[in-house]
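Participant: After the structure tokens below, expect a handful of questions from me.
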Amino acid sequence: MPDKNRSQTSPTGDTDNHQADMGLVLRAARFAAWKHRDQRRKGRGALPYINHPLDLAHALWFEGGVTDPVILAAALLHDTLEDTQTTVQELQGEFGERVAAIVMEVTDEPTIAWRARKKLQISRARLASIEAKQVKLADKICNLRSMISSPPNGWTVERQRAYFDWSKEVIDQLRGVNPELEQRFDQIWKRRP
């Protein structure tokens with residue numbers, strides 16, 4: 001419970017909205033941590049999976065200047081539909097329609113073959129909402145960073161290069177949404193193995 005004697009206001013002076021915004025982001029972080037609790041990243045370090053959604057939110061905020069709590073919450077939750085037993089209805093009930101819609105936009109369809117899924121992601125990128133495009137940008141930035149620092153076990157250099165190239169095809173479809181993140185992606189892409 002907030003201390004009523006302390007002034008807690010947002011930059012616009014709206015205490016209630018600021019608290020609701022922070023609450024949404026913190027609830028999303030907690031939910032994602034619980035849903036991904038038994039998962040590890042594929043890299044050599046086998047880091048806890050939750051580091052990945054946290055990295056997305058960090059990149060959006062600190063590198064892309066994104067402060068919209070809905071986008072930050074969606075970034076934290078972006079892999080819950082794809083990689084956990086989370087349902088769309090669960091996200092809608094916990095976080096609202098907007099957050100759930102963004103997460104749905106960035107979620108791959110698991111019933112489609114891998115190559116078809118990758119092509120679909122390229123074609124869907126340009127049609128995505130501005131919010132989903134920014135989450136996708138942050139996801140690709142973080143995935144390339146992970147690929148450089150700790151490639152997935154068993155991935156050859158050729159497979160890593162193919163992932164870099166495919167990621168660029170996705171990003172090229174959504175350019176114009178966040179120049180800072182796009183520039184960051186381009187800088188990281190230049191480090192292609």
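Participant: So A46 ticks every box in (1) aliphatic (A, V, I, L, M); (2) free of Cβ contacts under 8 Å to residues at least 60 places away in the same chain; (3) touching a helix residue (DSSP H, G or I) at 6+ places or on another chain (Cβ under 8 Å) but one. Which box is left unticked?
Facilitator: It fails just one condition, (3).
Participant: Something else about it: What's the total number of residues in segment 152-170 that are in a loop (DSSP other than H, G, I, E, B) and under 18 Å from K118 (Cβ atoms)? Even if it seems obvious, please write down each step before you answer.
Facilitator: Filtering segment 152-170 down to residues in a loop (DSSP other than H, G, I, E, B) leaves 153-156.
Now restrict to residues that are under 18 Å from K118 (Cβ atoms): 155-156.
Number of matching residues: 2.
Participant: A follow-up question, please. Tell me the residue from V99, V157, V103 that is farther than 25 Å from V88 by Cβ, modelled with pLDDT of 95 or more and among the β-branched types (V, I, T), please. Talk me through it step by step, then tell me what you get.
Facilitator: On the way: V99 fails: farther than 25 Å from V88 by Cβ; V103 fails: farther than 25 Å from V88 by Cβ.
On inspection, the qualifying residue turns out to be V157.
Participant: Further question on the same structure: Quick one: what pairs do we get from segment 83-112, first residue within 18 Å of E131 (Cβ to Cβ), second modelled with pLDDT under 95 and in a helix (DSSP H, G or I), C-beta under 8 Å, 6+ apart or different chains?
Facilitator: Hits for this filter: E105/R124; T107/E82; D108/E82; D108/R117; D108/L120; D108/Q121.
Participant: Then there's this: Go through (1) modelled with pLDDT of 95 or more; (2) among the polar types (S, T, N, Q); (3) not in a loop (DSSP other than H, G, I, E, B) one by one and return the number of the condition S123 breaks.
Facilitator: Condition not satisfied by S123: (1).
Participant: May I ask you to say which residue of Q183, Q134 is free of Cβ contacts under 8 Å to residues at least 60 places away in the same chain and in a helix (DSSP H, G or I)?
Facilitator: Among Q183, Q134, only Q183 is free of Cβ contacts under 8 Å to residues at least 60 places away in the same chain and in a helix (DSSP H, G or I).
Participant: Is it fair to say V177 is surrounded by 17 or more Cβ atoms within 10 Å (Cβ to Cβ) and part of a loop (DSSP other than H, G, I, E, B)? First the steps, then the outcome.
Facilitator: Numbers: surrounded by 17 or more Cβ atoms within 10 Å (Cβ to Cβ): yes; part of a loop (DSSP other than H, G, I, E, B): yes.
When the stated conditions are applied, V177 passes them.
Participant: Please specify each residue of segment 57-80 satisfying the condition of being part of a helix (DSSP H, G or I), buried (at least 22 other Cβ atoms within 10 Å of the Cβ) and not small (G, A, S).
Facilitator: Of everything in segment 57-80, those that are part of a helix (DSSP H, G or I), buried (at least 22 other Cβ atoms within 10 Å of the Cβ) and not small (G, A, S) turn out to be L60, I71, L72, L76, L77, T80.
The values are calculated or read from the model by the stated rules, or taken from the named source; none is laboratory data. Predicted model, so just to flag it, every value in this text is computed and none were measured. FYI the Cβ positions are ideal-geometry reconstructions off the backbone, even for glycines, and counts take in every protein chain you see.
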